[in-house]
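Colleague: I'd like to ask you about the structure that follows.
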Amino acid sequence: MRIELDRPRCEGHGLCEEAAPALMHLDDDGELVIDVRDVDGADLEAARAAVRVCPVAALRLVSAA
């Protein structure tokens, strides 16, 4: 699966970063940076959690194929 970000929708709340710190982080300007786009296994569960907690639905998981 691949993590996709709808950048204009992202408001930089940081809840996704808290849910999946190994996969993403907020930069110094409060912009989300996806560090690992393609996920599986334990990373997939963390990515799902990040998608779930986003209050503006800026993240989604799509098939990497």
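Colleague: Looking at VAL51, VAL33, VAL56 in this structure, which one is assigned to a loop (DSSP other than H, G, I, E, B) and either at pLDDT 95 or above or of a type in the set (Lys, Arg) (or both)? Quick ask: steps written out before the conclusion?
Modeller: Numbers: VAL51 fails: assigned to a loop (DSSP other than H, G, I, E, B); VAL33 fails: assigned to a loop (DSSP other than H, G, I, E, B).
When all the criteria are applied, what remains is VAL56.
Colleague: If you scan the range 37-63, which residues turn out to be charged (D, E, K, R) and in contact with a strand residue (DSSP E or B) (Cβ under 7 Å, 6 or more places away or on another chain)?
Modeller: Within the range 37-63, ARG37, ASP38, ARG48, ARG60 qualify.
Colleague: Let me ask another. Among the residues that make up the range 4-11, is at least one of them free of Cβ contacts under 8 Å to residues at least 40 places away in the same chain and in contact with a helix residue (DSSP H, G or I) (Cβ under 9 Å, 6 or more places away or on another chain)?
Modeller: Looking only at the range 4-11, we keep the residues that are free of Cβ contacts under 8 Å to residues at least 40 places away in the same chain, and these are 8.
Okay, now just the ones that are also in contact with a helix residue (DSSP H, G or I) (Cβ under 9 Å, 6 or more places away or on another chain), so none.
No: zero hits.
Colleague: Name the residue that is nearest to MET1 (Cα to Cα), counting only residues in the range 22-43 that are surrounded by 14 or more Cβ atoms within 10 Å (Cβ to Cβ) and out of contact with any Leu (no Cβ under 8 Å at 6 or more places or on another chain).
Modeller: Result: ARG37.
Colleague: Scanning the range 1-21 for residues that are assigned to a helix (DSSP H, G or I) and within 22 Å of SER63 (Cα to Cα), which turns out least open to solvent (accessible area, probe 1.4 Å)?
Modeller: Quick first cut of the range 1-21, residues assigned to a helix (DSSP H, G or I) only: 15-19.
Now narrow it down to the ones that are within 22 Å of SER63 (Cα to Cα): 16-17, 19.
Numbers: CYS16: 14, GLU17: 56, ALA19: 36 Å².
Looking at the filtered set, the residue picked out is CYS16.
Colleague: Among the candidates LEU32, LEU44, LEU26, which residue alone is in contact (Cβ under 8 Å) with a residue 40 or more places away in the chain and of a type in the set (A, V, I, L, M)? Write out each step before concluding.
Modeller: Details: LEU32 fails: in contact (Cβ under 8 Å) with a residue 40 or more places away in the chain; LEU26 fails: in contact (Cβ under 8 Å) with a residue 40 or more places away in the chain.
Selected residue: LEU44, the only one of LEU32, LEU44, LEU26 that is in contact (Cβ under 8 Å) with a residue 40 or more places away in the chain and of a type in the set (A, V, I, L, M).
Colleague: Can you tell me how many residues in the range 44-57 are open to solvent by less than 40 Å² (accessible area, probe 1.4 Å) and in contact with a His (Cβ under 9 Å, 6 or more places away or on another chain)?
Modeller: Final tally of qualifying residues: 2.
The values are calculated or read from the model by the stated rules, or taken from the named source; none is laboratory data. Just so we're clear, the structure is a prediction, and the values are computed from it rather than from any experiment. All Cβ positions, glycine included, derive from the backbone under ideal geometry; neighbour counts span all protein chains shown. We work out accessible area using only protein heavy atoms, side chains counted, and drop any ligands, DNA or RNA first. Shrake-Rupley method; radii C 1.70, N 1.55, O 1.52, S 1.80 Å.
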